[in-house]
Amino acid sequence: MAADNDHQRVRDLLPAAYDDFEGAVRKRLEEEPDFRDRGFGDFVWRTVGDKALAAVHDTLDFNVFGVFARAWAKANEIRQHAEASLATPGEPVYLRLGEHTATATLQPTIEVIVDPFGKTRIPLDLDLSAVFETAELTLRNGAITEIGAGRCKVTALLKLGGKKLHDPEASPPLTLGRRLKLEHPLQVVEPMAPGET
């Protein structure tokens with residue numbers, strides 16, 4: 001039986017090492033006037049690259065299933081069930097999703113500061129794609145409030161300036177074995193205010 005991955009973090013889907021993360025960060029920073037032609041040595045660039053990579057992993061320290069809940073919130077089929085949940089305020093509507101693919105693109109940004117030379121922000125793109133065998137959603141008052149039992153494989157690809165920083169690789173199967181209550185329900189449709197029709 002597969003282990004539960006209830007706490008699977010997005011950062012854990014990324015590789016431990018990259019082909020040239022330091023070089024990609026260096027190239028991006030050398031486009032900035034504050035960092036261009038400073039003559040930084042290899043030690044400085046290695047340190048900046050290491051700190052930037054640590055910042056990426058810190059930024060992506062959140063649950064992977066929550067990411068896909070945001071993607072599901074945009075689907076028409078989910079919207080129809082969310083609308084139906086408005087008819088019974090406070091009562092749960094359970095929805096079982098069959099085999100499907102869900103995608104999400106995140107755009108994390110890291111801030112790089114090299115005192116006293118300057119600071120800048122580096123935008124990244126993280127493409128996530130999951131192939132779900134199954135998943136269960138709980139909807140209340142037009143919002144996704146919980147994700148239930150599910151199983152999927154996820155592929156993550158981190159890019160900087162459009163350049164792939166690693167080869168994409170599918171995760172081992174991830175299993176959500178218990179109901180995961182979302183800290184912040186994802187509103188799919190807004191309930192009508194009293195008196196609205």
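Values quoted throughout were computed directly from the atomic coordinates according to the rules given, and no laboratory measurement underlies them. This is a predicted model, so every value here is computed, not measured. Because the Cβ atoms are built from the backbone with ideal geometry, glycine has one as well, and the counts that use them run over all protein chains shown.
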Report the FRET efficiency, 1/(1 + (r/R0)^6), for residue 179 and residue 47, where r is their Cβ-Cβ distance and R0 is 30 Å, rounded to 0.05.
0.10
Excluding near-sequence neighbours (fewer than 8 apart on one chain), region 10-187 holds lysine pairs with C-alpha atoms under 20 Å apart numbering 10
Pseudo-spin-label distance residue 187 to residue 159, built 7 Å along Cα→Cβ, given in nm, is 3.2 nm
Which label in (1) 14.2; (2) 11.3; (3) 13.6 gives the computed mean projected area of the Cα convex hull in nm²
(1)
Among 81, 45, 33, the residue whose Cα sits farthest towards the positive end of the charge dipole of region 1-87, when +1 is placed on the Cβ of each Lys and Arg and -1 on the Cβ of each Asp and Glu, is 81
Along each of the three principal axes of the Cα atoms of region 39-108, give the extent in whole Å, ordering the values from largest to smallest.
65, 25, 17
Using the count of nearby Cβ atoms within 10 Å as a rough guide to exposure, how do 166, 7 rank from fewest to most?
7, 166
